[in-house]
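The values are calculated or read from the model by the stated rules, or taken from the named source; none is laboratory data. Keep in mind the model is a prediction, meaning the values are calculated, not measured. Don't worry about glycine lacking a Cβ; one is built from the backbone with ideal geometry, like all the others, and counts go over all protein chains shown. Side chains are part of the model used for accessible areas, which takes the heavy atoms of the whole protein and leaves out ligands, DNA and RNA. Shrake-Rupley method; radii C 1.70, N 1.55, O 1.52, S 1.80 Å.
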Amino acid sequence: MAEEKTGRDGGVQSLRRAFELLERLADTGGEASLSELAATSGLPMPTIHRLIRTLVALGYVRQNTNRRYALGARLIRLGENASMQFGTWARPLLAELVDEVGETANLAVLERDEVVYVAQVPSKHSMRMFTEVGRRVLPHGTGVGKAILSQLPPDDVRALLDRTGMPSYTEHTVTDPEELLRHLATIARQGYAVDESEQELGVRCVAAPLTGTPAPAAVSVSGPEGRLTKEAVSRIAPAVQRVAETLSAHLSSEDLSA
């Protein structure tokens, strides 16, 4: 059996290349041909063919009827488990945020065009928000979703909205793509998003995006409009941004043990 080549850092070259191909497929947002993967990765066609064949056999890549390739269903389980572990690791910071602002804190990530909540620490109030860990929603109508979208290129946002549509959850939900894009530009400048009863009537949410992380994510604080007033937003937003910055710094440095 031939010995695997190793890179300068000691890593197995074929393993590194396989993950690079998975990243290239993810970047396409859908599917790609072998020639397209060769053009974007710079790898020789025989190498790509061999790696893709192995990934298909393992279920991490699938070949569609048009003979193009896409990410396989087996990656879903890995991604969901990684997200939940991320949530477990981040929970102490969310607890500190709840102690500071007195409202429920959430952590959400973008997965397959949907926002999924991966961690939550509830407030101590008897009346609090009931967003559940594992819940999936479309990003255009939520604070965390808008915070995440504000970090993406406008063309990527348009493509996502084309795939998902923009259903109206309440009378306040933004359902026009260009209006949302203008709103996202404002969010990007100020560093946080506010959900004004766009997902649920009577609920306000303040969310800040994580930056420089492997997957798009955001932290939020949510509560009834009666407690989380517009005046309270100016006090709460800096705290949410601070937690988002701390999480971003840990993830970007890959120091998950800190």
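Annotations
- Between Thr28 and Lys230, the modelled labels are 4.8 nm apart [label points 7 Å from Cα along Cα→Cβ].
- Helix 45-58 axis, angle to the chain major axis (alpha carbon atoms, nearest 10°): 60
- Linear extension gain, Ser197 paired with Asp155, 0.36 nm per residue minus alpha-carbon span: 12.5 nm
- Residue-by-residue Karplus 3J(HN,Hα) for segment 144-161, coefficients 6.51, -1.76, 1.60, Hz, glycine and proline x: 5, x, 5, 4, 5, 4, 5, 8, 9, x, x, 5, 5, 5, 4, 5, 4, 5
- Protein heavy-atom surface of the chain, 1.4 angstrom probe: 52% of the accessible area is carbon and sulfur, with nucleic acids and ligands not counted.
- Degrees separating the helix 177-190 axis from the principal Cα axis of the chain, which is the longest one: 80
- Each peptide in 183-189, 60-66 gets a packing score, the mean of other Cβ atoms within 10 Å over its residues, and the list from highest to lowest is 183-189, 60-66.
- Among Gly134, Gly59, Gly165: highest mean-square fluctuation, GNM of the chain, C-alpha pairs under 10 Å: Gly59
- Packing-based ranking of 138-145, 202-209 yields 138-145, 202-209, ordered from highest to lowest mean Cβ neighbour count within 10 Å.
- Close amide H pairs (under 5 Å, H built 1.01 Å from N) link Arg135 with Tyr117, residues at least 5 positions away or on another chain.
- Put simply, the amide H of Thr211, placed in the peptide plane, has neighbours under 5 Å in Ser248, leaving out anything fewer than 5 places away on its chain.
- Equivalent ellipsoid, the chain (semi-axes from 5 times Cα gyration tensor eigenvalues, Å): 37, 21, 15
- Calculated from backbone phi, Karplus (6.51, -1.76, 1.60) coupling profile of segment 234-242 in Hz, x at Gly/Pro: 5, 7, 7, 4, x, 5, 5, 4, 5
- Helix 74-101 vs. the chain, principal-axis angle (Cα, 0 to 90°, nearest 10): 30
- J(HN,Hα) series, segment 167-175, from Karplus relation 6.51 cos²θ - 1.76 cosθ + 1.60, nearest Hz, glycine and proline x: x, 8, 8, 9, 5, 9, 5, 6, 10
- The alpha carbon radius of gyration of segment 139-258, expressed as a multiple of 2.2 N^0.38 Å, is 1.06.
- The sum of -39500 (n - 2.57) across all DSSP H runs of n ≥ 4, divided by the residue count of the chain, sets its helix-only mean residue ellipticity at 222 nm to -15500 deg cm²/dmol.
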